[in-house]
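Before any comments, here is the structure.
Throughout, read-outs are computed from the coordinates displayed, never taken from laboratory work. Quick caveat: nothing in here was measured; it's all calculated off a predicted structure. Methodologically, a virtual Cβ is constructed for each residue, glycine included, from the backbone with ideal geometry; neighbour enumeration extends over all protein chains shown.
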Amino acid sequence: MNKISYIQLKELNKTFNETVAVNNINLEIYENEFFVLLGPSGCGKSTTLRMIAGLEDITSGEVIVKKINISQLDPKDRNMAFVFQNYALYPHMNVRKNISYSLKLRKVSHEEMEKKIHWVSNLLKIDQLLDRKPSQLSGGQRQRVALGRSLVRDPVAFLLDEPLSNLDAQLRVEMRHELIKLQKNLAKTFIYVTHDQIEAMTMASRICIMNNGNIIQIGTPKEVYEKPNSIFVARFIANPINNILTTNIKHQNHSHNLECLNIELKRECLTNRDLVYFSIRPENFYIEKNNSDMASLKVEILQIENYGHDYLISSTIENNNQKIYFRLNKFHNLIIGESINIYFNANDILLFDINSEEAI
Ligand code: ATP
């Protein structure tokens, strides 16, 4: 991937009547990257994607592609391939015609058209389906045809709006892998909208997390998972849940005691604070002390959920009553109501400002 700005959004705004859907966002998407817009329902990700495609008028700001402002161009002149959630195939046309329709409009020669259909149907394994109508296809097959239709155009970028959300869980995993492979093979820029953090984490080269029309954080999956810049991201990128708690702080010289965990931290950011949010992910707790530096916490087991591959245990911190979740890959004969020690490393504690909720 080239870290060259390929698509740039400059102070982009979209207001529908009174609703601010997208609030003055700035971002740069690199050439050939798999860029994912992630956020809860209504956060403005589809509107952002649609403004890039020209399917939605811009209230103010600019969409720049390869240094050219395309904000006023018609969708058809932007050469962006848009893949919709509901696939939007032409129901009366068979797969072959669905795929080749845009080529026909551009008066591409018959020979060239056949070549492209052959290439794309082989690539997406839909060569056996070319004579079928969309109603005779499964969800996954329709999704492939929708992709195929966009592929033959050799677009500037692929814009995908929740393309896997109508598929069942197993097919989603398969299509996820195929999309990752496809993007690598094609070496094209993909901008992918989803509210599913697993899709974002597994597919993205970078994730842009949005909320209420604003960009909250942009980073690689590893960055947003390990270094969330806010409580919002720490909570949103969590499967199924993250621990976000508050604690009082007692100061002594250069050391600061997080009362809730009874642990001393020598972090300068804690000076002059009496209360903070902190988070430790459930997988960062252990039932055995793996090294002598680990701190311990006494908890009472509330509930044990079996996820098959591991267990999620909810508990309360003794003398504090705040809830803590931890994950174990073995059952360990835990009993609801019993008190046990769990162990963690101080390095896994993330801290957030009590007012702004931003990482400190
Ligand atoms: P979802 O995941 O549910 O598709 P989203 O993050 O893609 O959500 P958008 O569809 O971009 O969100 O919508 C952002 C905001 O703009 C929402 O509050 C939505 O209700 C509003 N909105 C979107 N389209 C319109 C429209 N055509 N008219 C009025 N309001 C709209």
Qualifying lysines (Cα of each under 25 Å from Cα of LYS330; at least 8 residues distant if same chain): LYS289, LYS298
HN-Hα J in Hz across region 146-153 - Karplus 6.51, -1.76, 1.60, θ = phi - 60°, x for Gly and Pro: 4, 5, x, 4, 7, 5, 5, 7
How much net charge surrounds ILE29 when only other residues with a Cβ under 13 Å from its Cβ are counted (Lys, Arg +1; Asp, Glu -1)? +2
Cut-off 9 Å between beta-carbons: net charge of the residues surrounding GLN85, Lys and Arg +1, Asp and Glu -1: -2
Among the listed pairs LYS14/LYS227; LYS10/LYS66; LYS133/LYS188; LYS67/LYS188; LYS3/LYS67, which are separated by more than 19 Å between their Cα atoms? LYS14/LYS227; LYS133/LYS188
Pairwise FRET efficiency - SER356 versus HIS251, Cβ, R0 = 22 Å, nearest 0.05: 0.60
Using θ = phi - 60° and the Karplus curve 6.51 cos²θ - 1.76 cosθ + 1.60, what whole-Hz ³J(HN,Hα) does each residue of region 295-309 get, with Gly and Pro shown as x? 9, 10, 9, 8, 10, 10, 6, 9, 7, 10, 10, 8, 9, x, 7
Just to confirm my numbers, what's the Cα centroid distance between region 345-360 and region 33-58 in Å? 30 Å
Take each of the peptides 121-127, 70-76, average the number of other beta-carbon atoms within 10 Å over its residues, and list them starting from the highest. 121-127, 70-76
How many angstrom separate the Cα center of region 225-299 from the Cα center of region 180-214? 30 Å
Taking the chain and dividing mean pair separation by its residue count, relative contact order in percent (alpha carbons under 8 Å, at least six apart): 15 percent
Filter the trypsin sites (Lys or Arg not before Pro) in region 288-360 to those in DSSP coil with at most 15 other Cβ atoms within 10 Å of their Cβ, and list the result. LYS289, LYS330
In what sequence, highest mean first, do 253-259, 32-38 appear when ranked by Cβ atoms within 10 angstrom? 32-38, 253-259
Cβ-Cβ cut-off under 12 Å around LYS298, Lys and Arg +1, Asp and Glu -1: the net charge is -3
Among DSSP beta bridges lying fully in region 5-236, give the percent that are antiparallel, nearest 5. 55 percent
I'd like the Karplus ³J(HN,Hα) series for region 41-53: coefficients 6.51, -1.76, 1.60, θ = phi - 60°, whole numbers in Hz, and an x wherever there's a Gly or Pro. 4, x, 7, x, 6, 5, 4, 4, 4, 5, 6, 5, 6
